[in-house]
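See below for the structure under consideration.
Read-outs: derived from the displayed coordinates by stated rules, not from any lab. This one's a predicted model, so the numbers in the text were calculated from it and none came from an experiment. A quick note on method: Cβ atoms are made from the backbone with ideal geometry, for glycine too, and the neighbour counts reach across all protein chains shown.
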Amino acid sequence: MTVIRSVLLFVLAAVAEIGGAWLIWQGVREHRGLWWIGAGIIALGAYGFVATLQPEANFGRILAAYGGIFVAGSLAWGMLLDGFRPDRYDVIGAIICLLGVAVIMYAPRPA
């Protein structure tokens, strides 16, 4: 159950961080206005809180592992919302990053 909770929190963090950055991008680069920018700022703030809910106690480990989630999530976000089509190297890189997440967060460690 702890692994499932942790993965769900990583996904929620990715939605908040990537979504927040995307909203700010839309507000500034696509001229959608201050409401989009404000929503992005709120989402980025929420991301900071979500990370604290991880069951792992080590900040560095959580953020290092989250980096892999961010990479894969960013590519997925681009596909879903911006029509981005990753090439095989994007996909290979994302898989490597997700393998890193698994090793960093979920490898068995002595108590």
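Quick one: net charge of residue 96's neighbours, Cβ under 14 Å, K/R +1, D/E -1? Please report the intermediate quantities before stating the final value.
Values: positive: 88; negative: 90.
With Lys, Arg at +1 and Asp, Glu at -1, the neighbours total 0.
Taking the chain as a Gaussian network, where each spring joins two C-alpha atoms under 10 Å apart, which residue of 57, 76, 39 fluctuates the most?
Checking each option, the largest mean-square fluctuation is seen for 57.
May I ask you to sort 82, 90 by Cβ crowding, counting other Cβ atoms within 10 Å and putting the fewest first?
On the way: 82 11, 90 17.
Ordered from fewest to most neighbouring Cβ atoms within 10 Å, 82, 90 come out as 82, 90.
Counting other Cβ atoms within 10 Å, keep those with at most 16, restrict to DSSP loop, and tell me which trypsin sites (Lys or Arg not before Pro) in the stretch 29-96 are left. Intermediate results must be reported in sequence, preceding the final value.
Numbers: sites: 29, 32, 61, 88; in loops: 32.
Answer in residue order: 32.
Per-residue ellipticity at 222 nm for the chain, helices alone: DSSP H runs ≥ 4 residues times -39500 (n - 2.57), over residue total, nearest 500 deg cm²/dmol?
Working: 4 runs with 88 residues, N = 111.
Mean residue ellipticity at 222 nm (helix-derived): -27500 deg cm²/dmol.
Note the angle between two axes, namely the Cα long axis of helix 2-29 and the longest principal axis of the Cα atoms of the chain, as a number of degrees from 0 to 90, rounded to the nearest 10.
Tilt of helix 2-29: around 20 degrees.
What's the local net charge at residue 76, with K and R +1, D and E -1, over the other residues with C-beta under 14 Å away?
Working: positive: 85; negative: 17, 82, 90.
Its environment carries a net charge of -2.
In debye, nearest 20, what is the charge dipole magnitude of the stretch 2-106 about its Cα centre with +1 on Lys and Arg Cβ and -1 on Asp and Glu Cβ, if you could check?
Details: 6 positive and 6 negative charges, 11 e Å.
The dipole magnitude comes to about 60 debye.
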